[in-house]
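Only one structure is covered here, and it is reproduced in the block below.
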Amino acid sequence: MRRIGMFTGIAAAAAVAMFIAMDSPLNAADADLEAVKKQFVGHYELLSYVSFPEGGGVVDNNYEGRITYDEHDNMTAQGMPKDLPARAAASSTNVSGGFAYYGSVTWDIQNQIVTHHVEGSPSRGSWVGEDNVRHYAWEDGLLKLSIVNAEGRTTGTLTWRRYE
């Protein structure tokens with residue numbers, strides 16, 4: 001009987017320690033992560049997709065698209081040049097362009113990075129199994145996802161507006 005009582009005491013002490021740990025800075029980071037995840041959840045339309053060539057300047061890629069983040073850490077995105085339907089109508093061959101993919105999502109909130117872990121892509125099969133890393137920022141209610149190359153230079157930014 002003494003062993004059971006001693007085990008119960010140890011279990012109670014462990015429960016108290018866990019309760020105290022729940023108030024720790026680590027859990028504050030978890031709470032921040034949950035807040036960021038909630039901020040992302042929703043459906044968005046692409047307002048602009050611009051590229052920044054190495055030689056300078058800004059190129060408007062003239063895209064339209066959609067991106068969705070759900071409450072289960074998944075996403076899906078599609079985008080295409082706005083003139084794709086007209087180019088397809090003027091051609092007798094298959095005309096393609098743009099991007100379409102889906103997968104799970106993780107966040108690095110300290111560095112403001114969202115990573116799209118590509119699980120499927122009908123438009124770019126080589127992306128499957130790869131990670132699309134995007135630096136995120138919120139400006140005036142808009143979600144900006146930037147592509148940064150290995151040298152740390154921003155090469156493109158997609159600006160998304162949430163559907164209300």
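The values are calculated or read from the model by the stated rules, or taken from the named source; none is laboratory data. Computed from a prediction, not measured in an experiment: that's the story for all the values here. A quick note on method: Cβ atoms are made from the backbone with ideal geometry, for glycine too, and the neighbour counts reach across all protein chains shown.
With respect to the conditions (1) modelled with pLDDT of 95 or more; (2) more than 20 Å from LEU47 (Cα to Cα); (3) not small (Gly, Ala, Ser), ARG124 falls short on a single one, namely (1).
Residue-level analysis places SER51 among those that are in contact (Cβ under 8 Å) with a residue 24 or more places away in the chain, closer than 17 Å to VAL133 by Cβ and not aromatic (Phe, Trp, Tyr). The set of residues from region 67-110 being in contact (Cβ under 8 Å) with a residue 60 or more places away in the chain and assigned to a strand (DSSP E or B) comprises ILE67, GLY79, VAL105, TRP107. Applying the criterion of being in contact with a Lys or Arg (Cβ under 8 Å, 6 or more places away or on another chain) and exposed (fewer than 15 other Cβ atoms within 10 Å of the Cβ) to the residues of region 44-92, the residue that is nearest to LEU143 (Cα to Cα) is GLU45.
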